[in-house]
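First the structure, in the form of structure tokens, and then the observations on it.
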């Protein structure tokens, strides 16, 4: 709750049912003194009577969640440790709510995952947990804080901890998550959560709170990307308003407007009404351009060099939230930055195993919920896209059912793109069009 | 003219991020929805929201009307502020009156001294349907309450105006989808990621005007269920309750019958910020009598269509 000037860490907390995730978050807040008295009383109430403090009740905010003792949808908690702001997205563990986990993971810098130490000899890494880690990896989260929980129930055994740590490291490493901190904890009693525990002399690393403070947030891409949200009328012309999705923009900068590929310069730049010379992502700005071009919502203003590709046909990874039939026969809408366009899935390339991200050929035209597929998409109007890996904003989209407005899938722009014919370099370097 | 924006004064950078993201949300809704409306209660969060909306579309005017649901039991200071601010912003102000709805028989008067908070939902849904609003932009924050913590930034309401917390639209990255089916509408919360402290730091930085009841003043109050409630024509002392004068301020502003004051000497945003740092009780826990009765009070009201 304290103010501060440091970057905010977005953290997605994941784990299987009963791994103790909500308990850990409640404990993080309680032990760092960030729980108000009334919230504490609320978390100590059982069926209307006062009882023992139950850290899990701090986050489970829906009636159904408290009744069933599970997390159904993402709940957000706002905390700060050592002056650093942390937004914790408490994600559900149940398979049927995996889409909510994707909602939480899509903005995350770090995944906080829980593993139940009492289950180490059996199926420690459940498919559900592997699936959560795979989603995190898919969305580009490269940092993992793994809590081996319920250490009190295994007598704080170093052997158990090391064995689990080995498994976690192997699985996460295979998924491309390389920055890993593994911590032995008891969320219920608060060991190594905020306070260092004397019960784990074999462990010399950070507590969970310390690990969160040290997280490096995602770096924003350097190429200038300004998706246009609105054209604002001003005396003598128009300003194009949007939030910078990468790089910086400055007055006099040579820019290209996509998909039309017209080049021009930034005449003036405004940060929420105030004229400035330069702005850096993720600032919300408005620009005036030197030439009177036809620019509108959904267009993208980018640096002339290092501009994104313009495509009507692209290869993408789709994460489906619900089961879908007749995938290649249906009509969709795609929302990419501020543009909505009609789209089709022209072909399905492969289906990806959510527990290890391995690809297999796909034969059916229908898939169950939580499926990840690689597909080729055909777009009614061209989009200016980057690979997801190089810019998560211009490299991502959502897939919408055009008849029901339901959001069906998250899309990540893949590596191979079919470009909009012509010679792109010629279009980009041809200078301003004749007006 | 400033030469660069970031890096700024470090305490300000965090507010810049919040500000830019909120503006992004407001612009998306303006770009994608047919008839949005901004819920303007005259409280501090909606004052911040109006300020952000003004910046988002500057130099153009705010491209949507303001809407207030007047319970008939609002603080007169807040109503006056509401009218002045709407005029300054040059925005159409729509007032949906709970009293009128009671007179017409649309809703039932809960009786003297009882909160009309719950009635606001029916009145709000009625005006949404009559005016055909497809998006209601509100100042709610996720840190206010456990049920609010479960909200999306852009949250769908069914044809019955209801929130279905188990079937929310997935909300990936910062892609907000503004289209709805006929009869449905969206609730939009651009301040989702702001905390009470952020709001006050921003009020201080931007010198945003607020109704004076947010700052310490002398007032006649009475104590009920451990809370200080304003003595007013709508709330009179019951047997055994004493009316007395106290130096207080309000942490939130709503219906006079259920919004509690706190003892405070904070006269400026800086003093309020200092005070917030020492609080041990949450904003709603300290000032909303209506949320204390049941653990799921907010969820229940939200399901019915509350802000």
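Overview of values
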{"read-out": "Residue list for the stretch B:75-101, filter: more than 19 Å from residue B:65 (Cβ to Cβ) and surrounded by fewer than 18 Cβ atoms within 10 Å (Cβ to Cβ)", "value": "B:76, B:77, B:80, B:99"}
{"read-out": "All positions within the stretch B:220-237 that are in contact (Cβ under 8 Å) with a residue 40 or more places away in the chain, more than 25 Å from residue B:80 (Cα to Cα) and outside any strand (DSSP E or B)", "value": "B:225"}
{"read-out": "Candidate set from the stretch B:161-188 (those that are facing chain A (nearest Cβ under 9 Å) and not in a loop (DSSP other than H, G, I, E, B)); member that is farthest from residue B:299 (Cα to Cα)", "value": "B:166"}
{"read-out": "Among residues of the stretch B:240-257, those that are closer than 29 Å to residue B:144 by Cβ, over 17 Å from the mean Cα position of the chain (by Cα) and in a loop (DSSP other than H, G, I, E, B), counted", "value": "1"}
{"read-out": "The stretch A:1-15, residues that are modelled with pLDDT of 50 or more and either surrounded by fewer than 19 Cβ atoms within 10 Å (Cβ to Cβ) or part of a loop (DSSP other than H, G, I, E, B) (or both)", "value": "A:7, A:8, A:15"}
{"read-out": "Total residues in the stretch A:129-144, condition in contact with a strand residue (DSSP E or B) (Cβ under 6 Å, 6 or more places away or on another chain) and closer than 15 Å to residue A:411 by Cα", "value": "1"}
{"read-out": "So residue A:177, is it away from every other protein chain (no Cβ under 14 Å), under 24 Å from the mean Cα position of the chain (by Cα) and modelled with pLDDT of 95 or more", "value": "no"}
{"read-out": "Residue in the stretch B:245-260 that is outside the structural domain of residue B:89 (by TED's automatic domain parsing) and at positive phi present", "value": "no"}
{"read-out": "Residue satisfying condition, being at the interface with another protein chain (Cβ under 10 Å from one of its Cβ atoms) and under 21 Å from residue B:200 (Cβ atoms), within set B:20, B:41", "value": "B:20"}
{"read-out": "Lone unmet requirement of (1) assigned by TED's automatic domain parsing to the domain that holds residue A:240; (2) surrounded by fewer than 21 Cβ atoms within 10 Å (Cβ to Cβ); (3) within 24 Å of the chain's Cα centre (by Cα) for residue A:341", "value": "(1)"}
{"read-out": "Spans of helices (runs of 4 or more DSSP H) in the stretch B:260-307 with at least 1 residues modelled with pLDDT of 75 or more and away from chain A (no Cβ under 11 Å)", "value": "B:269-276"}
{"read-out": "Residues within the stretch A:218-271 that are away from chain B (no Cβ under 11 Å), in a loop (DSSP other than H, G, I, E, B), closer than 30 Å to residue A:137 by Cα and in contact with a strand residue (DSSP E or B) (Cβ under 8 Å, 6 or more places away or on another chain), tallied", "value": "5"}
{"read-out": "Residues within the stretch A:275-299 that are assigned to a strand (DSSP E or B) and at the interface with chain B (Cβ under 7 Å from one of its Cβ atoms), tallied", "value": "6"}
{"read-out": "Total residues in the stretch A:297-333, condition within 30 Å of residue A:351 (Cα to Cα), in contact (Cβ under 8 Å) with a residue 40 or more places away in the chain and surrounded by fewer than 16 Cβ atoms within 10 Å (Cβ to Cβ)", "value": "5"}
{"read-out": "Per-region count, the stretch B:193-219, residues assigned to a helix (DSSP H, G or I) and closer than 23 Å to residue B:282 by Cβ", "value": "11"}
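A quick yes/no check of all residues on (1) touching a strand residue (DSSP E or B) at 6+ places or on another chain (Cβ under 7 Å); (2) within 14 Å of another protein chain (Cβ to nearest Cβ):
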| site | (1), (2) |
| --- | --- |
| A:356 | no, no |
| A:360 | yes, no |
| A:368 | no, no |
| A:378 | yes, no |
| A:383 | yes, yes |
| A:392 | no, yes |
| A:402 | yes, yes |
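The values are calculated or read from the model by the stated rules, or taken from the named source; none is laboratory data. From a predicted model like this one, the values you see are computed outputs, not experimental measurements. Methodologically, a virtual Cβ is constructed for each residue, glycine included, from the backbone with ideal geometry; neighbour enumeration extends over all protein chains shown.
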